[in-house]
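The values are calculated or read from the model by the stated rules, or taken from the named source; none is laboratory data. Everything numeric here is computed off the predicted structure, so don't read it as measured data. Note: ideal-geometry Cβ built from the backbone for every residue, glycine included; neighbour counts use all protein chains shown. Heads up: the accessible areas ignore ligands, DNA and RNA and are worked out on the full protein's heavy atoms, side chains in. Shrake-Rupley method; radii C 1.70, N 1.55, O 1.52, S 1.80 Å.
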Amino acid sequence: MVETTGGFTSAGLAREAEALVLPSLTQAQAIEIGEIGFAKASARALPIIVEVRVGDWTVFKVALQGSKPDNDSWVARKARVVMATGKSTMHVRVDAEERGVDWYLETGLSEELHAIHGGGLALNVAGEGLTGILLISGLPQVEDHLLGVEVITEYLARQGENA
């Protein structure tokens, strides 16, 4: 099998998720996260969709030049995985690979409606848990995930500057 998950481990992805916990998530903050993603993608001319949700509510979405209508279904499928698990789609995939299980069979969730491909990141709030989702689609899954991590990391750094 060809390595498609960037050498991630589930333990490493769990630590990453802990490092990316947000102090809060309002509509305005979710939009700011989306704007960071849009700026990064625009500067690099990435053919992606960036979407940010608070709960089930899409508060930010942009489809950059080169993205495709099919990216919408990938975003929706990744969002369902994050909502079902509270974890990033990359974490769910790597965990299933490490355990040697078919995640879809294990959970009873359909691949048609769920995608365990990198690019769906849980926006967890301290003391509250899953509050929103950052979704990126259009690049290979490792790149989708890494861009999401970069966006959240920059957002958190900006919050520190404003503290």
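For segment 44-133, which fully contained strands (runs of 3 or more DSSP E) count at least 3 residues that are of a type outside the set (A, V, I, L, M) and modelled with pLDDT of 95 or more?
57-63
All told, Trp103 meets the bar of being without any contact (Cβ under 8 Å) to a residue 24 or more places away in the chain and out of contact with any Cys (no Cβ under 8 Å at 6 or more places or on another chain).
If you go through segment 1-56 and keep only what is closer than 19 Å to Tyr155 by Cα and open to solvent by 60 Å² or more (accessible area, probe 1.4 Å), you end up with Arg15, Glu18, Ala19, Pro23, Thr26, Gln27, Ala28, Glu35, Phe38, Ala43, Arg44. Close Cβ contacts (under 9 Å, 6 or more residues apart or on different chains) running from residues in segment 142-158 that are in a helix (DSSP H, G or I) and open to solvent by less than 40 Å² (accessible area, probe 1.4 Å) to residues that are modelled with pLDDT of 95 or more and of a type in the set (Ser, Thr, Tyr) comprise Asp144/Thr89; Asp144/Ser137; His145/Ser88; His145/Thr89; Gly148/Ser88; Val149/Ser88. Among residues that are out of contact with any Cys (no Cβ under 6 Å at 6 or more places or on another chain) and under 28 Å from Ala43 (Cβ atoms), Leu123 is included.
Residues in segment 135-149 that are more than 13 Å from Trp74 (Cα to Cα) and touching a helix residue (DSSP H, G or I) at 6+ places or on another chain (Cβ under 8 Å): how many? Show your work before the answer.
Here is the first cut: in segment 135-149, the residues more than 13 Å from Trp74 (Cα to Cα) are 142-143, 145-149.
Filter again for touching a helix residue (DSSP H, G or I) at 6+ places or on another chain (Cβ under 8 Å), leaving 142, 145, 147-149.
Summing the residues that are more than 13 Å from Trp74 (Cα to Cα) and touching a helix residue (DSSP H, G or I) at 6+ places or on another chain (Cβ under 8 Å) in segment 135-149 gives 5.
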